[in-house]
Amino acid sequence: MPDIEIAPLRLDEVEALVELAGSIWRAHYPGIISLEQIDHMLEQRYRPALVRQYMARGDLWLAARADGALVGFAHGHPLADGDYKLDKLYVDLDWQRQGIGGALINEVAARASRRGFARLVLRVNRNNQQAIDAYLKQGFTVATIHLEDIGGGFVMDDYVMTKELP
């Protein structure tokens, strides 16, 4: 297995990140949410200009690279209530179960902790058992349920999970 590098996302990788997100979502989410909702959410969250906008405002975008190729990523940012949100965490399906997701979580947690944040918060679809199990393994606990109308006739039905930082 090649060495995995976890480092900040480069601007020249934004299009590759958008392509990777689409590939992962279209392979993983059918059966959890509809294809129409997948397309709707990808359009809302993974436009190259939007990713660049988040990067410009100072959000954390981490890339996981194997032999220089993007195989996963994480996105995080501070919340108004003082928590740090792990907003996105995805690993190419061919690279899952190799510790990459955990390494991305650990790096987000370390950076958030160094900035004085005491807790990571994330949301995960309540029917995404594979991700829920992975987050539980990484020390997250379920805090509450959050329902959100995201437009287009779609709703996000999520668990809010939290993890205390050292």
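Regarding Asp158, is this residue acidic (Asp, Glu), free of Cβ contacts under 8 Å to residues at least 40 places away in the same chain and surrounded by fewer than 15 Cβ atoms within 10 Å (Cβ to Cβ)? No; evaluated as a whole, the condition is false for this residue.
Checking Asp81, Asp67, Asp92 one by one, the residue that is farther than 19 Å from Tyr29 by Cα and in contact (Cβ under 8 Å) with a residue 60 or more places away in the chain is Asp67 and no other.
Within region 23-36, the set of residues being within 18 Å of Asp149 (Cα to Cα) and surrounded by fewer than 18 Cβ atoms within 10 Å (Cβ to Cβ) comprises Ile32, Ser34, Leu35, Glu36.
Which one is nearest to Tyr46 (Cα to Cα), of the residues in region 100-130 that are part of a loop (DSSP other than H, G, I, E, B) and touching a residue at least 12 places away in the same chain (Cβ under 8 Å)? Ranking the candidates gives Asn128 first. Do we have Asp87 as more than 13 Å from the chain's Cα centre (by Cα), modelled with pLDDT of 95 or more and of a type in the set (Asp, Glu) here? So Asp87 fails the test. When region 37-47 is filtered for residues that are under 16 Å from the mean Cα position of the chain (by Cα) and either surrounded by fewer than 13 Cβ atoms within 10 Å (Cβ to Cβ) or in a helix (DSSP H, G or I) (or both), the ones remaining, listed by number, are Ile38, Met41, Leu42, Glu43, Gln44, Arg45.
Listed here are the residues, each with its yes/no results for (1) under 23 Å from Lys137 (Cβ atoms); (2) touching a Cys at 6+ places or on another chain (Cβ under 8 Å); (3) not in a helix (DSSP H, G or I).
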| site | (1), (2), (3) |
| --- | --- |
| Gln53 | no, no, no |
| Gly58 | no, no, yes |
| Ala63 | yes, no, yes |
| His75 | yes, no, yes |
| Gly82 | no, no, yes |
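Here is a check on your reading of the model: is Leu9 closer than 15 Å to Leu89 by Cβ and in contact (Cβ under 8 Å) with a residue 60 or more places away in the chain? Against the criterion (closer than 15 Å to Leu89 by Cβ and in contact (Cβ under 8 Å) with a residue 60 or more places away in the chain), Leu9 qualifies. Residues that are without any contact (Cβ under 8 Å) to a residue 24 or more places away in the chain, among the aliphatic types (A, V, I, L, M) and closer than 16 Å to Met156 by Cβ within region 36-59 comprise Ile38, Leu42, listed in sequence order. Checking each residue in region 136-166 for being at pLDDT 95 or above, of a type in the set (A, V, I, L, M, F, W, C) and in a strand (DSSP E or B) picks out Val142, Ala143, Ile145, Val160, Met161. The residues listed here are Leu50, Leu60, Leu20; of these, the one that is surrounded by 13 or more Cβ atoms within 10 Å (Cβ to Cβ), on the phi < 0 side of the Ramachandran plot and in contact with a His (Cβ under 9 Å, 6 or more places away or on another chain) is Leu60.
Out of Asp81, Asp87, Asp3, one residue alone is closer than 28 Å to Gly151 by Cβ and surrounded by fewer than 16 Cβ atoms within 10 Å (Cβ to Cβ). It is Asp81. The numbered conditions (1) small (Gly, Ala, Ser); (2) within 11 Å of the chain's Cα centre (by Cα); (3) modelled with pLDDT under 95 are all true for Ala74 except (3).
The values are calculated or read from the model by the stated rules, or taken from the named source; none is laboratory data. Just so you know, these numbers come straight off a predicted model, no measurement behind them. Counting neighbours? That spans all protein chains shown, and the Cβs are built from the backbone with ideal geometry, glycine included.
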